[in-house]
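For reference, the structure discussed in these notes is given below.
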Amino acid sequence: MDRIDGKYVHKLEERNILVASLERADGPDSFSATMVPDYAHPFFFEHPLDHVPSMMLVEVGRQMGIAISHLFYDVPLGYMFATRAYDIRFTDFAETRGLVRMDAHAVDKRFRNGRVKSLHLEAHFHQEGRTLGHMGGEWLMLPVEAWKRLRTRQQRRAV
């Protein structure tokens, strides 16, 4: 299964791209994707496991949100993403056999100057008919100059 282009998930190394076959599902704000795991990945599988680690699933959700923003909501590739919140709950293990799918729905898009500036995504992980859990995420999408202003203000407050 082919991974999506790394530029859509802000990744340079192919082994770090965990999303494939991202497509629009039922409705304009619904999407579906398949996870492409690397079971020899030095971070996620640094020791033997009989399941997909939850942090890999979280990264799939994060990547899916970034890709949706670029591919379906026309957020420019040069924009920076500032995570505002994640809400994650797992109810079952993802096995190392069988495809993991993620279905997502954008529930709160906010716009500035006709462009999506923030997004909240609600998603569910599935494998072979079982629901594995839920992940919600919210982030801002900013041009580089706005990102620099935000970071400068935050760094001044931290001193």
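Below, the figures for the structure above:
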quantity	calculated
Contacts under 8 angstrom Cβ, first residue in region 85-106 being in a loop (DSSP other than H, G, I, E, B), partner among the hydroxyl-bearing types (Ser, Thr, Tyr), 6 or more apart	THR91/THR131; ASP92/THR131; THR96/TYR39; LEU99/THR34
Residues satisfying the stated conditions in region 1-35, i.e. crowded, with 20+ Cβ neighbours inside 10 Å, of a type outside the set (Val, Ile, Thr) and assigned to a loop (DSSP other than H, G, I, E, B)	LEU18
Residue within region 63-78 that is surrounded by 13 or more Cβ atoms within 10 Å (Cβ to Cβ) and assigned to a loop (DSSP other than H, G, I, E, B) present	yes
Residue pairs meeting the criteria (Cβ under 9 Å; at least 6 apart or on separate chains; first under 14 Å from HIS134 (Cα atoms), in region 53-67; second part of a helix (DSSP H, G or I) and at pLDDT 95 or above)	GLU59/ASN16
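The values are calculated or read from the model by the stated rules, or taken from the named source; none is laboratory data. Just so it is clear, the structure is predicted and the values come from calculations on it, not from any experiment. Glycine gets a Cβ as well: all are built from the backbone with ideal geometry, and neighbour counts include every protein chain shown.
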